[in-house]
Amino acid sequence: METYKTITKIKDPLITVTGVENAMNGDMCIINSGGTEMLGEIITAYGQDAVVEAFRPLRGLSRSKLQVTCTGEIFSIGVTEHILGRAFDGLGRVTDGGKLVPEKKTIVYGSPINPYVRDKPKDFIETGISGIDCLNSLVMGQKLPIFSGSGLPGSDIAIEIVKNAKTRKDTKFAVLFGAMGVKDSEANKFTDLLDGKNGDRTAVFINRASDSIIERITLPKIIMTHAEYLAFERGYDVLVVLTDMLSYADALRQLSSERKQVPGRRGYSSSLYTDLATIYERCGKIKDLKGSITLIPIVTMPSDDITHPVPDLTGYITEGQILLSRDLFNRKIFPPIDVLGSLSRLMDNGIGKNFTREDHRQVANQLYFAFSKGMDARNLSALIGENGLSDDDKIYLKFLDDFENKFIRQQPGEPRSIEETLDLAWTIMKDLQSLPRIEKNIIEKYGKK
Amino acid sequence: MVAKVLAINENTIIAAGLENSHVGNLVRIGKDKIFGEIVSVSGKETSIQAYEDTNGIRINDEMEDLNEPLSIELGPGLLTNIFDGLGRRLSALNSNFIARGATLISLDRQKKWSFKALKKKDDTVESGDVLGEVKETALITTKILVPPGIRGKIIDISSGEFTVNQNIAELKDPEGNSFKLNMIQKWPVRMPRPFRSKLNLHDPLLTGQRVFDTLFPIAKGGTVALPGGFGVGKTFLEHAFAKFSNTDISIYVGCGERGNEMAEVLNSFPSVLDPHSGKSIMNKMVLIANTSNMPIIAREASIFTGITIAEFYRDMGYSVLLTADSTSRWAEALRELGSEMGEMPVEEGFPSSLFSSLAAFYSRAGVVDTLGTDKKSGSVTIIGAISPPGGDFSEPVTQTTARLADSYIELDSKLAGERHYPPVNWTNSYSPLSGEIQQFYKKNIGPDFFTYVKRLLDLLHESDKINEIASIVGREALPDKQAAILRLSDIAKLFFLQQNAFDEEDAYTPIEITYKMMNILTSFIDKITSMIDSGAKYSDIKSNPIWERMSDLKHATALDKLEKDVNALGMGKTK
Ligand SMILES: Nc1ncnc2c1ncn2[C@@H]1O[C@H](COP(=O)(O)OP(=O)(O)OP(=O)(O)O)[C@@H](O)[C@H]1O
Ligand SMILES: [Mg+2]
């Protein structure tokens, strides 16, 4: 460790230090100014000069009091199973007052999983939400974002999932929840998750709106590093929930403008795709290992615009999306899942006889089929009035009503098991004259209950 | 003087002591020996792009100039295997995570191949001539060629069991130089492999995807741009092309895409049978995987690694399909490189060299007469997926590729939203065919093939116009003829254009069956329209069971019966 007082330039958040011997790219530095300490990282080095990026704002610090110590280590954190039940900040420091003894230190940047050893995602994670579990099932090792809009309840759905998600096998299950750029009023809702019924299998990482933006950017890396340890070294099936990726990307945008990088679409750096990918791609399963990492990122779409760079690039990396509907939201339906706009691309790897129930695929197909019939009927009735509808159309209209109000709609705190969800689906399909997407023997077995 | 690191900024490293090195040379840097490539030399300072993460590299770290450009080892052992963007065989890394600095070895050095010599001592050979062959997989016999730039008289050659790096032959050229040859050809990936001459495109590439084989046919040796927003089905299509196309070899490049998709390929492809030979398609496949979280400079290389392997098999006289998913990620790597190199961004941050870079890739497709005296011709076809930001086709990569590629197939988010897969937009897509290929279709498939195609396209365009009207007045309010046309186009979409990749029978359709389906479909269209034209009421014919029966189009075994029933329509009975 070397300490330098030779600061030649400060331009928040960058400090230029001169006289550095063999500066190391990525070196973690301790920045000290009259007793206050913060972390920083060498991001550029030229000869004897090193540029350190501070993790907190440098405002008000004077150059004469500053000193920078290079630790000679790449940004690492302590990992252990004991993070479960605990609360952290965006840099991975404990914020609940207690102590935590790490098992070992791990570099936060991770390495790409060798594609050759990747196992394909399979097996079901139950979120407790019918609109997801039945129609857009989440599979272990998958990344499935929730596209929300301003005012839409993306975070509330996230909280429901963190509380209620479970696997159907007797495996070790952990949920890591990361909140970036959240209002103080929301932050408590998130820490309260630790006191709830599944608090001891959960860890929360919170970066408040008032916290440093660099810590907003480090948070997902820290969480994914813990997730990799729990999954691939301790055999956990890990579910990571991150909210809100828009805040993350906005922090990144601010930083890249401070670094004077050329802005791309809507001012975001042209490397945003790669940035997001280095978080999202850490999900998955590995052939010879037990655990898995599954990710649900919540992404707010500004002005409900799905082509905005953050949801757009997210969609290009993830395996499907859960889209929220403003229309359902305005009609007070929670969770407002837009059935036609949502798709879980890996669903078939996680449902059916071995994972959920044998009727699952067919029930989902039938619901889609009836749903679109219902929508046709609804559109027609808007044109010609409900009285003009055929009897058949009236039945589908009624179905659509039940579908939205009984099946999609769910009270917070009342998760449904996948059996309950499928049984409910059969109930709302009761009045349909025919079920062309379901085989006879399945109707016999499940439809007559 | 030892070369040393002067400066580090993200992936760019400035070095001293390499002023005599060549641009393009590979270097290894620091104690982890990470790989990099020299991108410019100016004065005493040399600029290097690292292929791997630069964290941990120090100022004054030593570096070594390998004195050769990024190259891939070509030879037996490529097929059935998966490589990263730099050509490293991923199964040989023996690790769950990709560590930095792993050496660039593509071919298995232990495996023995049974080499059968086809030339003998004292034969005179030149570049491209076949010295012998190796049965590389159950499907493919790999020819061992005299490497480009070498010719002479064979002074030694023998059949037998050899590893790739054991000598199989020795040549002496007229100047008296002798060359010992093994089965490896190391080739710089950015340099096109030489051939004798380019030929016209004369063979169709049959994909088994109906909308392609009929409305937008592809030629062997052609280039196809395949743009589409996220989730529209680009990857599914690329997988289908890679699996079912009638080319000898199939190279799949996952460029800046998902690790899980590569896992899916590795998991599912081995059990997929090649419809043309009945053997596992892995026998004809090479996979290149650069996932989106791998270093971006290696992503840039992955496309060239893929195309070089494609040319290697082309040079043996094979037809090769290269599917690249997604070329946008590659172009973005070029953009990143350009901006680190201080190139002026012109449009959406892309450097002005975007056109020439894309051209450098696409121009490596084509049908060629290969080198060698033994007259072989081979082809490389490129189908490149494009991921336009926000699904907006006016962006530079889509537009630039459209200018370079022979075919432009637009995938439509709206169709995909209606679960119409593959969502090929029939208005904006085009795929012009050479006269030779049209002749091929007419001669080998059916003389009226293109008449049917035109009939179908006309119907689709007409129904689009009617749909616009219907969206205002409602479908119920349409006149008879228009209502019938809408229903006919629904049939064409549902049972002909749409193809469900999850359904084993539907996923691939041989061209003869496609032709038959199209034949039945167009006679059905003709029958119905002429019935209406001659005064029949749509309300009278709309409940004819034949409409429902049209779903049989998708079942090859039901086609004969369906054809009869369609032909009988309107005959004898009154309307
Ligand atoms: N031919 C098809 N048959 C049935 N389903 C399909 C077909 N093509 C696409 N799909 C559906 O669409 C989903 C997305 O397809 P795909 O992964 O090919 O999209 P993409 O265009 O490559 O998206 P991205 O740009 O995000 O990679 C698939 O998971 C599948 O559910
Ligand atoms: Mg894709």
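Okay, here's what the table says:
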item	result
Low-density loop cleavage sites - trypsin sites (Lys or Arg not before Pro) in the stretch A:346-442, where at most 11 other Cβ are within 10 Å (DSSP)	A:353, A:430
Local net charge near residue A:206, Cβ-Cβ under 14 Å (Lys/Arg +1, Asp/Glu -1)	-2
For the stretch A:40-68 versus the stretch A:278-357, the gap between their alpha-carbon centres in whole angstrom	39 Å
Cα gyration tensor shape for the stretch B:1-139, rounded if a/c is under 1.5, else prolate or oblate	oblate
Residue-averaged beta-carbon neighbours from other chains (10 angstrom radius) around A:38-48	3
Partners for residue A:406 among lysines (Cα-Cα distance below 21 Å; same-chain residues under 8 apart left out)	A:332, A:373, A:394, A:398, A:430, A:448, A:449
Global geometry of the protein assembly as shown, whether rounded, prolate or oblate, following the gyration tensor of its Cα atoms and the 1.5 cut on a/c	oblate
Per-residue [θ]222 nm for the protein assembly as shown (sum of -39500 (n - 2.57) over DSSP H runs n ≥ 4, rounded to 500)	-9000 deg cm²/dmol
Of A:175, A:238, A:68, the one that fluctuates the most in a GNM where chain A has Cα springs shorter than 10 Å	A:68
Gain in span if fully extended, residue B:161 to residue B:402, counting 0.36 nm per residue against the direct Cα distance	82.0 nm
Lys, Arg +1 and Asp, Glu -1 on Cβ, resulting dipole of the stretch B:174-315 about Cα centre, debye, nearest 20	220 debye
Under 5 Å, built H, 5+ apart or other chain: amide partners of residue A:149	A:154, A:301
Inter-chain shielding of B:50-57 (mean C-beta neighbours from other protein chains, 10 Å cut-off)	4
Pairwise centroid distance, computed over Cα atoms, of the stretch A:96-111 with the stretch B:333-369, Å	42 Å
Normalised contact order of chain A, rounded percent, pairs of Cα under 8 Å and 6 or more residues apart	16 percent
In order through the stretch A:239-252: 3J(HN,Hα) via Karplus (6.51 cos²θ - 1.76 cosθ + 1.60), integer Hz, x for Gly, Pro	10, 9, 10, 10, 9, 10, 5, 5, 5, 4, 5, 5, 5, 5
Under 5 Å, built H, 5+ apart or other chain: amide partners of residue B:145	B:131
Lysine pair count for the stretch B:108-183 [Cα-Cα under 16 Å; pairs on different chains or 8 or more apart]	20
Phi-based couplings in Hz for the stretch B:530-547 (Karplus 6.51, -1.76, 1.60; Gly and Pro marked x)	6, 4, 5, 4, 8, x, 5, 8, 4, 4, 7, 8, 5, 9, 4, x, 4, 4
Charge sum, other residues only, whose C-beta stays under 12 Å from residue B:165's C-beta, Lys/Arg counted +1 and Asp/Glu -1	+3
Max mean-square fluctuation residue, GNM over chain A, Cα-Cα springs under 10 Å, options A:51, A:117, A:108	A:117
Interchain or long-range residues, amide H under 5 Å from residue B:34's placed H	B:29
Extension gain (nm, one decimal) between residue A:406 and residue A:262, 0.36 nm per residue minus Cα-Cα	46.9 nm
Flagged links, alpha-carbon separation over 27 Å, of A:290/B:279; A:122/A:172; B:243/B:561; A:260/A:285	A:290/B:279; B:243/B:561; A:260/A:285
Aspartates and glutamates with Cα under 17 Å of residue B:537, excluding same-chain neighbours fewer than 8 positions away	B:476, B:480, B:526
Inter-part distance where the stretch B:502-575 and the stretch A:153-201 are each reduced to a Cα centre, Å	55 Å
The stretch B:311-324 - phi-based ³J(HN,Hα) in whole Hz, Karplus 6.51/-1.76/1.60, Gly and Pro as x	5, 4, 6, 4, 5, 7, x, 8, 8, 10, 10, 10, 9, 10
Most mobile of A:87, A:187, A:203 in a GNM of chain A (Cα contacts under 10 Å)	A:187
Whether the stretch A:360-446 is rounded, prolate or oblate, judged on the alpha carbon gyration tensor where a/c under 1.5 counts as rounded	oblate
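None of the figures in this text is laboratory data; all of them are computed from the coordinates on show. Keep in mind the model is a prediction, meaning the values are calculated, not measured. A quick note on method: Cβ atoms are made from the backbone with ideal geometry, for glycine too, and the neighbour counts reach across all protein chains shown.
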